[in-house]
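Heads up, the thing below is written out as structure tokens.
The values are calculated or read from the model by the stated rules, or taken from the named source; none is laboratory data. Computed from a prediction, not measured in an experiment: that's the story for all the values here. Here the Cβ is made from the backbone with ideal geometry for all residues, glycine too, and neighbour counts use every protein chain on show. We work out accessible area using only protein heavy atoms, side chains counted, and drop any ligands, DNA or RNA first. Shrake-Rupley method; radii C 1.70, N 1.55, O 1.52, S 1.80 Å.
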Amino acid sequence: MDYSQYKAIDFVKDESFQEWCMHPEGRHAEFWTNWTNEHPEQHAEILAARQLLTELQESDTDLSDSKIDQLWEAIQASTRGTLVKPLPKSRKSTMIRWSRIAAIWVGLVMAVSLGIYWMSNQATTVTFATAYGEVKSISLPDGSRVVINGNSSLSYREKDFDADTRIVNLVGEAFFSVSHTPDHKRFVVQTSGDMDVEVLGTKFTMTSRPMKKQVVLEEGKVKVSNSVYMDPGELVAWDAAANRWREERVQDPSRYGSFKENRLIFRKTPLQEVARVLEDNYGYRITFVNPALAGKHFTGSCAADDIPLLLRSIEKAFGVTVEEDDRHIAIGKTN
């Protein structure tokens, strides 16, 4: 291996060099001791690389190439734009040369420290996502439980769970069972729209779809979009036509989160809403051959993964033909 053209970042990535820095008396000691003695022109790069590795070890940062590159970019950014003026020659050239090395060394140490600080403050984002028809149950760092419905995602930054407010981001639909913390930390569910839910400890189902924004509360108390306070058994949905939140009481709030039990439950539900569920959660495209059917109310249930049974139930309930062809469902005319 030709190390003569290596820069500090290259040495840091070299496994042999890493092991030598971590174990100076180890099996690579003889090679690196001899090599550094034979290449005095590389002393500055070696010194910088060893300092960088020391900082990485002390900060418990992993030594993957991606992390090293990320840190090096931060160091370069922190020093970019700094101009180094040439020093005039004099009889004290040796002293000037060592002064220059010392100045470079101090600057490098500061840059490394800034890079380590920058990396330690970068938030790691954790994301969970589901495919059409898939349901996923996850546990959050505070012990809260979330069940994500099909075609949905939930994300959060790890550092937010050490802050005063626990924040998660939802796209789609999920059931939340939020743990109360001894220090009463707020828990906020954010969406890409205008619907945010703030809670302390509660159970609720939240839907954030293009055509549906809704919260159904089972236990506890929540505040929706900083304006609507909910009690258990209440449903709050966004009425786009009226440009306001609509509130109502429901008899069985748990059925809105029935997907967590692998069930689909409908109680006097407009077929238009059944169609939305099939489109949003399962990826179907629904067509009502007779548009009047969209407003008909349907009551029934089935396993969440038994869509054919649901379609047969709709056929029998309304005396219509329901046909499926390549993810397209046509709810037909009356027989």
- Message: Counting only protein heavy atoms and a 1.4 Å probe, tell me what percentage of region 128-253's accessible area is made up of carbon and sulfur.
- Response: 46
- Please work out how much length the chain gains when fully extended from T287 to D164, using 0.36 nm per residue of separation minus the C-alpha to C-alpha distance, in nm with one decimal. 39.6 nm
- What accessible area per residue, rounded to a whole number of Å², is obtained for region 256-316 using a probe radius of 1.4 Å? 48
- Message: Two decimals, Cα atoms only, Kirkwood Rh: what is Rg/Rh over region 176-248?
- Response: 0.96
- Note on the structure: Excluding ligands, DNA and RNA, the carbon-plus-sulfur percentage of the accessible area of region 270-335 with a 1.4 Å probe reads 48
- Rounded to the nearest 0.05, what FRET efficiency do E30 and D10 have when you use their Cβ-Cβ distance and R0 = 25 Å? 0.75
- Among the DSSP beta bridges whose two residues both lie in region 260-335, what percent are antiparallel, rounded to the nearest 5? 75
- Task: Enter the Cα centre distance for the pair region 163-209 and region 273-335, rounded to the nearest angstrom.
- Result: 32
- Query: Give or take rounding to whole Å, what are the principal axis extents of the alpha carbon atoms in region 187-335, in descending order?
  - Reply: 50, 31, 26
- Note on the structure: Per the 1/(1 + (r/R0)^6) rule, R0 = 41 Å and r from the Cβ atoms of Q272 and V126, FRET efficiency to 0.05 is 0.70
- Compute the signed sum of charges (Lys and Arg +1, Asp and Glu -1) over the other residues within less than 11 Å, Cβ to Cβ, of R327. -3
